[in-house]
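**Student:** Dropping a structure here in structure tokens format, bear with me for questions.
The values are calculated or read from the model by the stated rules, or taken from the named source; none is laboratory data. Please read all numbers here as calculations on a predicted model, not as lab measurements. Note that each Cβ is placed from the backbone with ideal geometry, even for glycine, and that neighbours are counted across all protein chains shown.
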Amino acid sequence: MKRANRKCKAGNAAIELALSFLLLWMLLGGAFRYGYAIYIYESLVSQVANAARYASRVNFDTGHSFVSGVQNMAVYGSPNGGTSALVPGLTTANISVSWTTDTTGLPLTMTVAVTNYTLKAVFQNFTWSGKPAFTVRFAGRYLV
């Protein structure tokens, strides 16, 4: 009788291991997916905040030539540009620079935001538009 019982239970351990492994693999995959997305989002927050601080001190001119420097600051970490983006897949086209002015046309605030950025994670894509965004008070010089 004991031998017949053993034969019925012979493959149970392998099946339990396979099902447990599948469950653990899905949990680890989900943790990786969201963890990586949070890491990239926090990198975007840091880069956009740095670009907004730079935008608040840049010389504001009527031709708006400072915009490319602010976009480069957000993407490459330098207003002069660079060769590789600090956040994977981010381009200057994904950075929006806007400002508010008073009634005389003098700038009051500068806003830097990420638009239409898609992170291609291993298992899923994440798209952010309009966030992260930072608005800072303008403290630079106004050039006529």
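**Student:** Looking at G77, G69 in this structure, which one is within 21 Å of G130 (Cα to Cα), touching a Leu at 6+ places or on another chain (Cβ under 7 Å) and modelled with pLDDT of 85 or more?
**Tutor:** Testing whether each residue is within 21 Å of G130 (Cα to Cα), touching a Leu at 6+ places or on another chain (Cβ under 7 Å) and modelled with pLDDT of 85 or more leaves just G77.
**Student:** Is one or more of the residues making up the stretch 96-109 among the aromatic types (F, W, Y) and more than 24 Å from the chain's Cα centre (by Cα)?
**Tutor:** Checked the stretch 96-109: no residue is among the aromatic types (F, W, Y) and more than 24 Å from the chain's Cα centre (by Cα).
**Student:** Filter the stretch 95-141 down to the residues that are touching a residue at least 60 places away in the same chain (Cβ under 8 Å) and of a type in the set (F, W, Y) and list them by number.
**Tutor:** Matches in the stretch 95-141: Y117, F123, F126, W128, F134, F138.
**Student:** For the stretch 58-83, give me each residue that is outside any loop (DSSP other than H, G, I, E, B) and among the hydrophobic types (A, V, I, L, M, F, W, C).
**Tutor:** Residues satisfying the conditions are F60, F66, V67, V70, M73, A74, V75.
**Student:** Let me ask another. State yes or no: is T62 farther than 18 Å from T127 by Cβ, in contact (Cβ under 8 Å) with a residue 12 or more places away in the chain, exposed (fewer than 15 other Cβ atoms within 10 Å of the Cβ) and polar (S, T, N, Q)?
**Tutor:** When the stated conditions are applied, T62 passes them.
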